[in-house]
Amino acid sequence: MSKINTLEDLNKAKKRGLEAIIPSKTKIMVGMGTSGIASGAQQVYDALAGEIKKRKLDIILSKTGAMGMDCIEPLIDVMQPNKPRLAYSKMTAKKVPEVLDQIVKGAVDGVKPAYRMDEEDFICLDEKKPYVKGPVSKDQKDIPAIGSVNFYKKQLKLATRNCGMINFESIDEYIAKGGYFSLYKALTKMKPEQIIEEVKASGLRGRGGGGFPAGVKWETCRRAHGDIKYVICNGDEGDPGAYMDRSVMEGDPHSVIEGMIIGAYAIGASQGFIYVRNEYPLAVANLQRAIGQARECGFIGKNIFGSGFDFDLKIGKGAGAFVCGESTALMTSLEGKAGEPRAKYIHTVEHGLWDRPSNLNNVETWANVPAIISRGAKWFTSIGCKNNSGTKVFCLVGKINNIGMVEVPMGMPLKDIIYEIGGGIPGGKKFKAVQTGGPSGGCLPIDLINISVDFDALWEAGSMMGSGGMIVMDETTCMVDIARYFIDFLEFESCGKCVPCREGVQRMNEILNDICAGKGKEGDIELLESMSQGLVDGALCALGSTAANPILSTLKYFRNEYVAHVRDKKCPAGVCKALIRFSVSEEKCTGCGVCLKKCPTECISGEKKKTHVIDQTKCIKCGVCKESCKFDAIIVE
Amino acid sequence: MKTMKTIEKTVKDIIKKYDGDKTAMIAILQDVQEELRYLPKEALTSISKKMEVPLTRIYEIATFYNAFSLKPRGKYLVEVCAGTACHVQGASNLMDRMERDLGVDCGETTEDKMFTLEEVRCLGCCSLAPVVRIGADVHPHLTQDELPKIMRNYK
Amino acid sequence: MVNFIIDGKKVEAEEGKTVLQVARANNIGIPTLCCHESVAPTGSCRLCVVEVKKGKRTRIVTSCLYPVDEGIVVDTKSERVKNVRKLVMQLLMARCPESDVLKDMAKEMGIEPQPAFHPETDKGKCVLCRLCVKACEDVVGVSAIGLIARGKKKAVGTPFSEDSMVCIGCGACAYICPTEHIVMESFGTKRKIWGRTFKMQACDKCGRYFAPVDQLKFISQKTGTTMSDLVTCISCK
C-alpha cells in the first residue's frame, strides 16, 4: 500500500477498488461476520476454496460482513460479469459443488438463490452501478429481486451501507464506495467550524441511546479549554440482544475510523480511542487491520492530506463490564482502572479522559459522519422524521420470523418493522411486546404497535431507543420474568459504587424472585414502584437511574400479570416454574414414549400407546417433555 | 500449575510489550490471562513489583472485570448465553441442565478440570438463540435434550 | 463569588465550593456518610442529595460534588430528596443491621427500617463509603487496602484477603470509618488491625506507646527524617 496524499492518489485507489467490487470475472463473497461464522460460514468458505482449487476455476473468493438477514446465514453472494448478483442462503459445504456447477454453466437450476441484486448502491457517491447492462435474463428473473424481499423492502442502509457489500479486509474497496473522499473534502475544503455546522444542521443524534445532538457535543468540546483533546468511539455494545455496532466494526471498520478522523479534525483532537467490548474479538481484529491500513495510506499519522492535521488512533479493549458502556466509566477504564462511573456535573467534553476534553460517540454515530459530509446535511435531514433525521439500525431478535439486523428511516411505525420486515411472530403465536433500549429500556405492548420508532416517541412511551436492540416477545413470554431477568442482569453488572444501585437493585431482584417463586406479598408491587423513584433520583449514573425502567414499563402495561403472580399465584404465560404444573393431555397423548425416555428425573410413566402420567412429586419442570412432544400433548398451567 | 519461572517470564515479556505503560494495565492482565489461562496470585504480585503499582489497585481491576479469573479454569469454558433473545428462547433451562449434567454450579469447574461452566451476557448470535459456546465453538438453536450428545464430543 | 438560594435563604459563596460546603457554613444540616474533609468526595452514599433548580430544569444532585452556581435554587428537604434519603437509609440498615451509627441517624431522620428487606449477616458495619481506601491511598500513601469485586459482592479489604505486607498499622482507616466497621485493637506494646499485629514504639520521653514502629519507619523513609527524631510522641515534642 502506498501513501495517499492527493485526490489523484485517492482516485487511483478507487479505481482499483471498483475492479475488486464489480470484477470482470466471477467472484464469490462469503458473509463472515460473527453470526455467519457461528452458523458455519468458515466451513463453507473452506469448501469453496478447496473446490475452486480442485476444479482449477478462475474465481475470486472474498469475504464480507453481515448484510443483516442473519436467519438465512451462512450466506454467499455470487457475482458474474453482466449478471445479477445472486445470494445463496443457508449454505453448507455440501451445497458448494452444486453452486459451483451453476456458476460454470451460467444457469440457475437446483439450489435456488434467495434473492438477486441488479445494481449496487454507492450511497456516499450518490450513484447506483448496475451489475447488468441491458435486461436481466429470463431464468434470473424468476429469482426474487432484493427489493421485493420483505426483509429488505423498507430498509435504507446508511450506517451499514457497506456491510455485506465490500471486503472488510480491503481499504481499496472502501475507498471505491466513496470512502475517505469525505475526509479529503473535510480536511482540504472545509474549516472545522464548517464541519460542526454541517453536523449540527444534519440533526445527527447520538445513536448510543441518549440521542444527544452530536454536532452540539462536538462544538462544546471544540470550545473547551485544553491543548490536548480526545475523540472516543464507544464500541462497548453491552445491551443483550444488540449487535449492530459489532456488525459495523466487523463489516465496515473504515467507516468508523473515517468518521472519527473527521470528528477529531473538527474538534481539534489529535488522539482517538476505540473502546471495544471484550466479547468481540473479530471486531478488534478487523479494526486493528483497518487502522494499520489507514496508517499506511497516511489517513492516520502526520499531516494528513497535506493539511497539517495530525491524528493517531488506538484500540482499548474492555474486559467484561456492562457499566463501561457509560461514558465516564468507559473513560476510567481506558485509563487502565476499574470502570466505575463518576458524577457528570462537569461534562466529559470539558473534563473527560485524563481530565481532558473528550468527545465520545458510539460506533453507529461515527459511521454516519462520512455520509453526512459527503452528501450534506440537507440530504440527511430528508431522511427520517421531525427532530429525528437519518436512519437507525436495529437488531430484531426473539420471537420473530426474520431475525436480523435492519436499518430503517427513523419514524417508521413499529408494526412495519415487526410484521413487514420481521415477518411477524412464528408458530402462529400472538405478539405480546417488544423490548427496546436494553436493560435501561422498556417493553412496548400491542396497543403501541403503531408507535413511530424515534428517540422522542419511545421515550414518551416509557422505553427508549437505546443502542438498538429489539427483542420481540409472544404470549409465552412472562413479563414479570422479563423484568426479573433485566434486574438480575443489572444486579450482576452494577459497579457497586453507589448505595441505591448496589443495594436497591439487589433488593428489587429479591422481591421479583419472590414474586416469581409464588412468595409475593401484598404491597410488593407498590414497594417496587416507590423504590424505582428512589433509584431514578438517587443513583449516581445512568445504569442505576434507568435500572427500574424494565419494572416500571412492565408494570405500566402488564400490571395484571404481576397481580396474577402475587395474588393468584399464577404465571399466565407458563414460565415461572414455581407457579406452573406440567401434565399430559389424555386427548392428545399417543403414548409414544418419547417424553418418558427424555425425562431426566424419570417422573413420567405409562404403557406404550396409552396416556402417560407425570409424577408431580418428582417433576423438576425442566420442560424437556414439552420440547420433545410431537403431539403438543404436554399441558402447562 | 505454572511454575514461578514461567509466570515471571510471561509477566516480564508482556510488560515489555506495553513499555511498562501503567494505563495499559487491563490489556496487560488480559495478555497474561491468555498466556496462563487465569491470573495466578504470583503473576499479580510480580506485575505489582515490576510496574510499581500497588497490588490493591491490580487486585481491584482483576476482581472488577468479568473476563478475569483468579482461579484456574477447566480445559473447556462452557458459556451458556443469557442474552435477552436466548432468555426468551429458554436459555435458563439449558443452564439448569448443564448444572445437573456437569454436577457443578454456574461459575464452577468440574472435578476432572475439564469444564468451567459460566453464564455469558449475550454473544450477539441472537439469530441462533439459544446458544452455548464451548471453547471456540458456538452451538446454535440448542435444546436441553441435545446437550449430553454435544458434551460427549469434548474430551 | 456566586449568589444563590438555599432553603429559601439568599447566600453568597466562593466559586468552586460545593453545595454541601456552603450549606454547612450556613448551618443547614445535610446528612452524609462518605464525605470527609481530608479526602476527595466520591458521591457514593447518596445521602447528601438535594434538589437543585437551574433555569427551567429541576433535578436531584449530590451536594458533596455539585459545584455552586449563580442563580441556582437549592432545596435540601424536598419530598424527592426525602424519598432518596429514606431509601438509602433503609437499604443501609438492611445491609448493616448491627450499626448503631446508622440506627441513630435513621432515628434522627425519622426513618424506620423497611421490613420487606431481609437483614444481611455477613457485611458487618461496612457501608462501602470507601473513606478508608481513599485515606490509605491518598492521605497515607500506602494502598494496603482496596476495593474488591463489584456490585453486591463489592467489599473493602486486602488483596486475596491476606495479611498486607505494606500496611504500616497507622490506623487511619479505622479513624476515618464512619460506622466503626474497621476494628483496631490496642494492647500496650502491640496493636492489631487487618489481621496483622504491629509492634508499638514507646516515646523516649514519657514512655507511652504512641505509634507502630512500621509507621515510623515509613515516615522516616518517605521524609528522610532519622528514626531517632521520630521516637518522641507528639505531646512530648
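Odds and ends about this structure:
- Of the residues making up region A:509-557, just one is within 32 Å of the chain's Cα centre (by Cα) and basic (Lys, Arg), namely A:Lys556.
- Region A:27-75, residues that are farther than 21 Å from A:Tyr152 by Cβ, assigned to a helix (DSSP H, G or I) and in contact with a strand residue (DSSP E or B) (Cβ under 7 Å, 6 or more places away or on another chain): A:Ala38, A:Val44, A:Tyr45, A:Leu48, A:Ala49, A:Ile52
- The residues in region A:548-583 that are more than 18 Å from A:Cys516 (Cβ to Cβ) and either within 14 Å of chain C (Cβ to nearest Cβ) or surrounded by fewer than 21 Cβ atoms within 10 Å (Cβ to Cβ) (or both) can be counted, and the count is 2.
- Checked across region A:471-487, the condition of being surrounded by fewer than 24 Cβ atoms within 10 Å (Cβ to Cβ), within 14 Å of chain C (Cβ to nearest Cβ) and either closer than 23 Å to A:Ala329 by Cα or among the aliphatic types (A, V, I, L, M) (or both) holds for no residue.
- Sole residue being assigned to a helix (DSSP H, G or I), within 13 Å of chain A (Cβ to nearest Cβ), buried (at least 17 other Cβ atoms within 10 Å of the Cβ) and modelled with pLDDT of 95 or more, chosen from C:Leu102, C:Leu33: C:Leu102
Yes/no per residue for (1) outside any helix (DSSP H, G or I); (2) surrounded by fewer than 16 Cβ atoms within 10 Å (Cβ to Cβ):
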residue: C:Arg59; (1), (2): yes, yes
residue: C:Cys64; (1), (2): yes, no
residue: C:Lys77; (1), (2): yes, yes
residue: C:Val81; (1), (2): no, no
residue: C:Gln90; (1), (2): no, no
residue: C:Met93; (1), (2): no, no
residue: C:Ile111; (1), (2): yes, no
residue: C:Cys129; (1), (2): yes, no
residue: C:Asp138; (1), (2): no, yes
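- Taken residue by residue, region A:392-402 has no member that is crowded, with 24+ Cβ neighbours inside 10 Å, among the polar types (S, T, N, Q), within 18 Å of the chain's Cα centre (by Cα) and under 25 Å from A:Phe151 (Cβ atoms).
Here's the yes/no breakdown for (1) touching a strand residue (DSSP E or B) at 6+ places or on another chain (Cβ under 9 Å); (2) over 22 Å from C:His181 (Cβ atoms); (3) hydrophobic (A, V, I, L, M, F, W, C); (4) not in a loop (DSSP other than H, G, I, E, B):
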residue: C:Ala40; (1), (2), (3), (4): no, no, yes, no
residue: C:Gly43; (1), (2), (3), (4): yes, no, no, no
residue: C:Val50; (1), (2), (3), (4): yes, yes, yes, yes
residue: C:Glu70; (1), (2), (3), (4): yes, yes, no, no
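- The selection criterion, being within 20 Å of the chain's Cα centre (by Cα), surrounded by fewer than 23 Cβ atoms within 10 Å (Cβ to Cβ), modelled with pLDDT of 95 or more and within 26 Å of A:Glu493 (Cα to Cα), holds for A:Gly206.
- Being crowded, with 23+ Cβ neighbours inside 10 Å, within 13 Å of chain B (Cβ to nearest Cβ) and assigned to a helix (DSSP H, G or I) is a property that A:Ala329 has.
- Here region C:145-187 is the region considered, the condition is being over 20 Å from C:Val101 (Cβ atoms) and part of a helix (DSSP H, G or I), and the residue that is farthest from the other protein chains (Cβ to nearest Cβ) is C:Ser161.
- Scanning region A:25-73 for residues that are of a type in the set (Ser, Thr, Tyr), at pLDDT 95 or above and buried (at least 21 other Cβ atoms within 10 Å of the Cβ) yields a total of 3.
- Screening region B:115-155 for residues that are aliphatic (A, V, I, L, M) and within 13 Å of the chain's Cα centre (by Cα) and picking the one that is farthest from the other protein chains (Cβ to nearest Cβ) gives B:Leu117.
- Residues of region B:120-138 satisfying the condition of being surrounded by fewer than 16 Cβ atoms within 10 Å (Cβ to Cβ) and either in contact with a Phe, Trp or Tyr (Cβ under 9 Å, 6 or more places away or on another chain) or in a strand (DSSP E or B) (or both): B:Gly135, B:Asp137
- Those residues of region C:1-23 which are in a strand (DSSP E or B), of a type outside the set (S, T, N, Q) and either farther than 14 Å from C:Thr76 by Cα or without any contact (Cβ under 8 Å) to a residue 60 or more places away in the chain (or both), in sequence order: C:Val2, C:Lys9, C:Lys10, C:Val11, C:Glu12, C:Ala13
- Condition check for A:Phe273: away from chain B (no Cβ under 12 Å), of a type in the set (A, V, I, L, M, F, W, C) and touching a residue at least 24 places away in the same chain (Cβ under 8 Å): no
- In the set (1) within 12 Å of chain C (Cβ to nearest Cβ); (2) surrounded by fewer than 21 Cβ atoms within 10 Å (Cβ to Cβ); (3) touching a Ser or Thr at 6+ places or on another chain (Cβ under 6 Å), B:Ile58 fails one condition alone, (2).
- Test: A:Ser2 is farther than 21 Å from A:Tyr243 by Cβ and either at pLDDT below 95 or among the β-branched types (Val, Ile, Thr) (or both): yes
- Residues in region B:87-114 that are under 16 Å from B:Lys71 (Cβ atoms) and within 12 Å of chain A (Cβ to nearest Cβ): B:Cys106, B:Gly107.
- The sole residue among A:Ala547, A:Ala573, A:Ala578 that is touching a helix residue (DSSP H, G or I) at 6+ places or on another chain (Cβ under 8 Å), touching a residue at least 12 places away in the same chain (Cβ under 8 Å) and assigned to a helix (DSSP H, G or I) is A:Ala578.
- Of the residues A:Gly251, A:Gly211, the single one that is over 27 Å from A:His351 (Cβ atoms) and in contact (Cβ under 8 Å) with a residue 60 or more places away in the chain is A:Gly251.
- Restricting attention to region A:590-603, the residues that are surrounded by 15 or more Cβ atoms within 10 Å (Cβ to Cβ) and either modelled with pLDDT of 95 or more or among the basic types (Lys, Arg) (or both) total 1.
- Residue, farthest from the other protein chains (Cβ to nearest Cβ), within region C:37-61, restricted to residues that are touching a residue at least 40 places away in the same chain (Cβ under 8 Å) and within 17 Å of A:Lys497 (Cβ to Cβ): C:Val39
- If you go through region A:332-345 and pick out every residue that is within 7 Å of chain B (Cβ to nearest Cβ), farther than 18 Å from A:Glu493 by Cβ and not acidic (Asp, Glu), you end up with 1.
- Any chance B:Cys81 is more than 7 Å from chain A (Cβ to nearest Cβ), modelled with pLDDT of 90 or more and closer than 16 Å to A:Cys395 by Cβ: yes
The values are calculated or read from the model by the stated rules, or taken from the named source; none is laboratory data. The structure displayed is predicted, hence computed values, not measured ones. All Cβ positions, glycine included, derive from the backbone under ideal geometry; neighbour counts span all protein chains shown.
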